[in-house]
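Input: a single structure, listed below in C-alpha cells.
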C-alpha cells in the first residue's frame, strides 16, 4: 500500500487547527491504520541483566586495577619516595579518583534491573525488578494530545550529555493542563541499570503502534528511522546509527591524516578550510545516505483509521 502525500494550506483564522491543514506548504504522508490488527495484549520487557552486570563489573575491575597500579608504578619508577613524595601523592590521589567510579559501577551492577510493561491503555517503566516495589513512570495513551504550536505532535529529541534520543509529545494532566512528556527510545532511563532489553524491537513496535492508534497525531519521521521500524508494515528496517558512526569515524580519521601533513609554514586559512571541508563532506555523505536509504521519511507522518 503506497502512502498518500497531500499538500494543503493552513487556516489561521480558526482557534482550533485541523492536523491535516496545520502546516502551510507542508507535505504529509498519510498512512492507513487498521485498529483491528492492533495487539490487545500486554507486552513485558526482558532486561538483559547478565550483560549489564558483566559490563558494570568489568569496568569496575578495570578501573580498580588501574587505580592500584598507579601508586605501584610510581614506587617502581621512583624507589625513594621520601626524597620526592609529590609524585606518590599525585598517584594516590588519581587512584582515589578512579576508585569512586569503580564503586559506582559495582553498585550499579549489584542493583541492575529495569522493567517496562506496554498495554493497549498505557506504558509503565522504571528501574529495579518491578516485582517487590513497582514504582515508575506511567504514560496513558488516551492522554497524549496534539500540540498546535509545534511542527510535530510526536517528535524525536536528543536529551542529556550523551544526546540520548527520546520520543517527546504533549500530555494532558489530570488537572486539565497540558505539558510535554518524553519516553526514552532505549526504553530505560539509566544505561548502567540495564544496557538493553532482549525484546527491545518488539517493545518499540508495540510502543509506536499504540501511539499511532491515536488518530490524527503528526509524527516526526525521524522517530521511525531511529527506531528502525517501517510505519506501514511495522517490520524492522536498517537503523542509520552504524553507517553514521562509520562516516563520523572516517571523517575524524581524514582530519588526523590531513593534520599529519601540516607544517609550521602551512597557512592557517588552509588548515581551517581543509578541516571544515572534510567535516562538510562528512555531513553531506550523511545527508545523502539518509536521503537514499529512507526515501519516504522526509514528510510529516499521520495515521488515519482505515
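Summary of computed values
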item	result
One residue from 52, 21 being over 30 Å from residue 87 (Cβ atoms) and modelled with pLDDT under 80	21
Unique residue being modelled with pLDDT of 85 or more, assigned to a helix (DSSP H, G or I) and either under 17 Å from the mean Cα position of the chain (by Cα) or surrounded by fewer than 16 Cβ atoms within 10 Å (Cβ to Cβ) (or both) when the list is 205, 278	205
Any hit, the range 62-70, residues being outside the structural domain of residue 154 (by TED's automatic domain parsing), at pLDDT 75 or above, surrounded by 12 or more Cβ atoms within 10 Å (Cβ to Cβ) and under 28 Å from the mean Cα position of the chain (by Cα)	yes
Subset of the range 149-175 [surrounded by 13 or more Cβ atoms within 10 Å (Cβ to Cβ), assigned to a loop (DSSP other than H, G, I, E, B) and in contact (Cβ under 8 Å) with a residue 24 or more places away in the chain]	152, 153
Residues of the range 208-221 classified as more than 23 Å from residue 46 (Cβ to Cβ) and either assigned to a loop (DSSP other than H, G, I, E, B) or in contact with a helix residue (DSSP H, G or I) (Cβ under 7 Å, 6 or more places away or on another chain) (or both), total	7
Any hit, the range 130-143, residues being surrounded by 19 or more Cβ atoms within 10 Å (Cβ to Cβ) and within 19 Å of residue 213 (Cβ to Cβ)	yes
Those residues of the range 253-275 which are loosely packed, with under 13 Cβ neighbours inside 10 Å and not in a loop (DSSP other than H, G, I, E, B), in sequence order	253, 256, 257, 259, 260, 268, 269, 270, 272, 273
Considering residues of the range 281-306 that are surrounded by 10 or more Cβ atoms within 10 Å (Cβ to Cβ) and assigned to a loop (DSSP other than H, G, I, E, B) only, the residue modelled with the highest pLDDT	299
Positions within the range 176-195 being over 17 Å from residue 229 (Cα atoms), assigned to a loop (DSSP other than H, G, I, E, B) and within 12 Å of the chain's Cα centre (by Cα), in sequence order	188, 189, 190, 191
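The values are calculated or read from the model by the stated rules, or taken from the named source; none is laboratory data. Source: prediction; values computed, not measured. Quick reminder, even Gly has a Cβ in these numbers, built from the backbone with ideal geometry, and neighbours come from all protein chains shown.
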